[in-house]
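Here's the structure, in structure tokens; my notes come after.
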Amino acid sequence: MNLFKRFGFLVFFVILSIPFESIAQENKPVKLHQLSGIINDSKQRPMPFVHVLVKNYRRGTISDFEGFFSIVVQAKDTILFSSMGYKKQIWIVPDTALTNDLYVQFKLETDTIILSEAIVFPWNTYEKFREAFVQLNVPSDDIERALTNFALIEKQLLNDYSGEPNASLSYKYFMQQTYNQLYYAGQLPPNNLLNPIAWSKFFQALKNGDFKRKD
């Protein structure tokens with residue numbers, strides 16, 4: 001009977017001591033640190049708007065335009081740094097820090113994302129594709145396509161002008177005039193009346209009869 005009383009008293013003492021130990025641990029002061037730092041990229045350029053997250057408490061901040069950030073943390077907190085297009089980086093607050101202010105520098109590496117191939121079709125249904133395929137006007141052979149391409153190239157080289165207003169030719173003429181004004185700024189433009197080569201070509205043309213009427 002005495003043994004039972006002693007055992008019951010011991011159990012009662014243990015049960016009473018547990019809450020007091022828990023309360024003592026909860027009331028233990030937590031050491032806080034002011035974590036500050038600069039975040040750069042691989043080229044040592046400041047990175048703005050980088051997410052700085054304390055993972056175990058789901059709270060955080062972002063870096064400013066100069067890549068600077070500052071946040072209150074505790075020892076052994078897991079800090080996650082993330083930004084779109086860069087690899088994530090994790091840093092754990094050391095529990096051996098002697099000061100309340102911690103300053104660090106981080107560098108985020110570029111993350112290459114390979115996307116899957118995306119094929120875009122101009123037809124949203126198979127019926128429209130079939131209709132467009134049936135109505136497709138394909139030249140009869142490669143020679144006809146080559147002749148069409150050569151005609152287009154020749155027209156572009158000769159700068160054929162049909163007499164109708166053309167925005168491209170007008171722009172080209174205006175830019176050529178502007179270029180000439182800038183090129184000869186501060187000096188007189190050349191005059192072919194004083195150009196001996198031009199006079200030589202003129203007399204050669206007279207000798208060849210290039211100016212005679214050809215009826």
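Miscellaneous remarks
- PRO122 being loosely packed, with under 12 Cβ neighbours inside 10 Å, at pLDDT below 80 and part of a loop (DSSP other than H, G, I, E, B): no
- The range 100-115, residues that are outside any strand (DSSP E or B) and either modelled with pLDDT of 85 or more or closer than 18 Å to ASP77 by Cβ (or both): ASN100, LEU108, GLU109, ASP111
- Between ALA132, ALA97, the distinction of being at pLDDT 75 or above and farther than 21 Å from ILE38 by Cα belongs to ALA132 only.
- Residues of the range 47-69 classified as part of a loop (DSSP other than H, G, I, E, B) and either surrounded by fewer than 16 Cβ atoms within 10 Å (Cβ to Cβ) or touching a His at 6+ places or on another chain (Cβ under 9 Å) (or both), total: 10
- Every residue from the range 162-178 that is surrounded by 10 or more Cβ atoms within 10 Å (Cβ to Cβ) and at pLDDT below 75: ASN166, LEU169
- Filtering the range 71-78 for residues that are at pLDDT 90 or above and in contact with a Gly (Cβ under 8 Å, 6 or more places away or on another chain) leaves a non-empty set.
- Residue pairs meeting the criteria (Cβ under 8 Å; at least 6 apart or on separate chains; first in contact (Cβ under 8 Å) with a residue 60 or more places away in the chain, in the range 47-70; second part of a loop (DSSP other than H, G, I, E, B) and among the hydrophobic types (A, V, I, L, M, F, W, C)): MET47/LEU108
- Residues of the range 182-202 classified as assigned to a helix (DSSP H, G or I) and loosely packed, with under 10 Cβ neighbours inside 10 Å, total: 6
- Residue count for the range 144-158, restricted to those that are at pLDDT below 75, over 40 Å from the mean Cα position of the chain (by Cα) and either hydrophobic (A, V, I, L, M, F, W, C) or not in a helix (DSSP H, G or I) (or both): 1
The values are calculated or read from the model by the stated rules, or taken from the named source; none is laboratory data. Values in this document were obtained by computation on a predicted structure and should not be read as measured data. A quick note on method: Cβ atoms are made from the backbone with ideal geometry, for glycine too, and the neighbour counts reach across all protein chains shown.
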